[in-house]
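Here the structure comes first, spelled out in structure tokens, and everything after it is commentary.
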Amino acid sequence: MGDLGRRIALALATLQSQGSPSPLGTLVLAGRHQAAGRELAALAAACGTTDVRYEPLDALDPDAVAALLRREQPALILQCASLLSPWALGARSSSAAQALASAGFALQLPAQLPILHAIMSAVRSSEFAGPVVNCSYPDVTHQVLARQGLAPTIGIGNAGMIAKVIEAGLRRAGTPERVRVLAHHSHVTAAMTAAPARAHVLAATSAGHPGAAHPRVWLGEEARAADALAYQGPALASSRELNALSCTHAVELTLALLGLGPALLTSAPGPHGRPGGWPVRVAQGEVTLALPQELSQAEATAWNQAAAAGDGLERIDDDGTVHFTEAARRALADHAPALAAPLPPTRWRERAELLRQYVEAA
């Protein structure tokens, strides 16, 4: 289990840990690394009052996942596994590493899709009816899987991270208000580092979205525009320490979906297979959009699709084939042009292996 998964497991296990009964009952951790999984389960159980245990699982095997779901009958699934950490490039400064980073995060899709696809296939075959919360690049993976009718319920982080930083700033100023954010993963680094100049410059699309290079922000019930707040800071380093913010968002979404608290008004990526991040209301297992009245679903969808260019994503075909932007192809032309070739669903595992080899050598 990676850094984010560990953080979420420990956070969920320690809810109401001061001798009070846990609101969760049982937390089942599943993964392929048995020694580490058992150790984490034991640690999490000792930190709180939640019953925590570990189940060995090859999450790439949909039949094994389906068997686990039938046996455990969970109320909710939280998926946080991938074939390559989103932080795998780390602080590497080689020309190969810089080329992949400049191409955009969408080029790492093949590492984010296979496990999620296996889990969602198992969700369908096991007839699991509860919510699925996904941590693996939900701004785009949900849109891809929606082409196969396999989209998770909602994702974490990204637009939610931007919203939480803005909310904290408003609290510091003594002016707390409801915050709604429309933002794509492509906006997160610039927003977290409070550096609008780092935002990708996106060309206006035929639908006309020259403003898609920056997040959109609204305040209050009346939804007053306040886009500049996306960069208000304070600046946070773009590192895995940001997983603390993603973890908090994941826990909030989990509790709201389980009905263990009041309705959650937040922003989150990939609700029901949509591209990018949206303002949402989450309560009792249901996720509904909470867009300002001035913005239609069609407009928000087109805006997020335009913003995806900042991650190197051009379009997704009806069969789930992903096409990358010309800028992404140029960035990798002298290093690994195959990484920027169109990506059909049948080539995910093959491309993921190519990506792994490239990153290890970078």
* Does the stretch 150-160 include one or more residues that are more than 16 Å from CYS80 (Cβ to Cβ), among the small types (Gly, Ala, Ser) and either touching a Pro at 6+ places or on another chain (Cβ under 9 Å) or surrounded by 21 or more Cβ atoms within 10 Å (Cβ to Cβ) (or both)? -> yes
* How many residues, within the stretch 114-135, are within 23 Å of THR248 (Cα to Cα), of a type outside the set (Val, Ile, Thr) and out of contact with any Gly (no Cβ under 8 Å at 6 or more places or on another chain)? -> 1
* Asked: Is it true that some residue in the stretch 307-323 is of a type outside the set (Lys, Arg), in a strand (DSSP E or B) and free of Cβ contacts under 8 Å to residues at least 40 places away in the same chain?
  -> yes
* Structure fact -> For the stretch 253-270, the count of residues that are within 22 Å of GLU177 (Cα to Cα) and either buried (at least 19 other Cβ atoms within 10 Å of the Cβ) or among the hydrophobic types (A, V, I, L, M, F, W, C) (or both) equals 10
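Can we say ALA328 is exposed (fewer than 15 other Cβ atoms within 10 Å of the Cβ), among the small types (Gly, Ala, Ser) and at pLDDT 95 or above?
When the stated conditions are applied, ALA328 does not pass them.
Could you please give the count of residues in the stretch 115-139 that are touching a strand residue (DSSP E or B) at 6+ places or on another chain (Cβ under 9 Å) and assigned to a loop (DSSP other than H, G, I, E, B)?
Taking the stretch 115-139 as the starting set, the residues that turn out to be touching a strand residue (DSSP E or B) at 6+ places or on another chain (Cβ under 9 Å) are 115-116, 119-120, 123, 128, 130-139.
Keeping just the survivors that are assigned to a loop (DSSP other than H, G, I, E, B) gives 128, 130-131, 135-137.
Residues meeting the conditions: 6.
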* Asked: When you look at ALA333, is it of a type in the set (Gly, Ala, Ser) and out of contact with any Phe, Trp or Tyr (no Cβ under 9 Å at 6 or more places or on another chain), yes or no?
  -> yes
* To do: Taking the residues in the stretch 273-302 that are in contact (Cβ under 8 Å) with a residue 60 or more places away in the chain and in contact with a Ser or Thr (Cβ under 7 Å, 6 or more places away or on another chain) as candidates, determine which candidate is surrounded by the most Cβ atoms within 10 Å (Cβ to Cβ).
  => GLY277
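The values are calculated or read from the model by the stated rules, or taken from the named source; none is laboratory data. Just so it is clear, the model here is predicted, and its values are computed rather than measured. Neighbour counts run over all protein chains shown; Cβ positions are idealised from the backbone, glycine included.
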